[in-house]
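Contents: one structure, followed by commentary.
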Amino acid sequence: QVQLVESGGGLVQAGGSLRLSCAASGSIFSINAMGWYHQPPGKQPALVAMITSDGSTNYADSVKGRFTISRDNAKNTVYLQMNNLKPEDTAVYYCNANWWVARTLYESWGQGTQVTVSS
C-alpha cells in the first residue's frame, strides 16, 4: 500500500511563503494524480490543488495566482509552493494520491500538516 509522508508546514506571517512536500512510498503501480486538500478549523476538507501524471493542474479559485503545485514523477513527490499567504489559508493540509493497480483505482491520504498564517 502507498504511504504519503508530508512535510513543510508551519507558522508564517501573512504575505510569507511555505513549501509543502509529499513523498509517496511503497509499491506503486502507476500514480494517476496527486493533490492537496485543506481543512480549515471547523470546516470540511476541500481541494486546493491537483496535478496529474501528464502535468495538468487544477486549483481552487481562492489560491490561483498564489499557489503552485508541481511533482517529480520519478520520485513520486508532489510539492505545493504557497506564496502571499493569507490568514484564511490557515488549515491542516492533506496530501492525496491515487494510482492504478491493474484496472482498479486506489487512493491514499497523508497524515496532514498544519499551516498557520498570522496577521
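The values are calculated or read from the model by the stated rules, or taken from the named source; none is laboratory data. What you see is a predicted model; the values in this text were computed from it and never measured. Virtual Cβ from ideal backbone geometry, glycine too; neighbours counted across all protein chains shown. We work out accessible area using only protein heavy atoms, side chains counted, and drop any ligands, DNA or RNA first. Shrake-Rupley method; radii C 1.70, N 1.55, O 1.52, S 1.80 Å.
About the Cα centre, and with charges only on the beta carbon of Lys, Arg (+1) and Asp, Glu (-1), how big is the dipole of the chain? Nearest 20 debye, please.
60 debye
Test of the criteria: in segment 1-71, which chymotrypsin sites (Phe, Trp or Tyr not before Pro) are in a DSSP loop and have at most 12 other Cβ atoms within 10 angstrom of their Cβ?
Details: sites: Phe29, Trp36, Tyr37, Tyr59, Phe67; in loops: Phe29.
When the chymotrypsin sites (Phe, Trp or Tyr not before Pro) of segment 1-71 are filtered for loop state and at most 12 Cβ neighbours within 10 Å, Phe29 remain.
Val92 accessible area, nearest 10 Å², 1.4 Å probe?
Estimated to the nearest 10 Å², Val92 gives 40 Å².
Averaging over every viewing direction, what projected area does the convex hull of the Cα atoms of segment 6-119 cover, in nm²?
The Cα convex hull of segment 6-119, projected and averaged over all directions, gives 7.0 nm².
Using a Gaussian network for the chain with springs between C-alpha atoms less than 10 Å apart, which of these wobbles most: Thr104, Thr57, Thr68?
Its mean-square fluctuation being the largest, the pick is Thr104.
Taking the alpha-carbon distance from Lys86 and a cut-off under 27 Å, which lysines remain once sequence neighbours fewer than 8 residues away in the same chain are dropped?
List returned: Lys43, Lys64.
Grab the other residues whose beta carbon is less than 10 angstrom from that of Gln81, score K and R as +1, D and E as -1, and report the net.
+2
What percent do you get for the relative contact order of the chain when only Cα pairs under 8 Å and 6+ apart count?
Here the relative contact order equals 36 percent.
Counting heavy atoms of the protein chains only and a 1.4 Å probe, report the per residue accessible area for segment 1-116 as a whole number of Å². Before the final figure, lay out each step's value.
On the way: 6100 Å² over 116 residues.
Accessible area per residue, segment 1-116: 53 Å².
For the chain, with all protein chains present and a 1.4 Å probe, just round the carbon and sulfur fraction of the accessible area to a whole percent. The partial results should precede the final answer.
Details: 3030 of 6280 Å².
Roughly 48 percent of what the probe reaches on the chain is carbon or sulfur.
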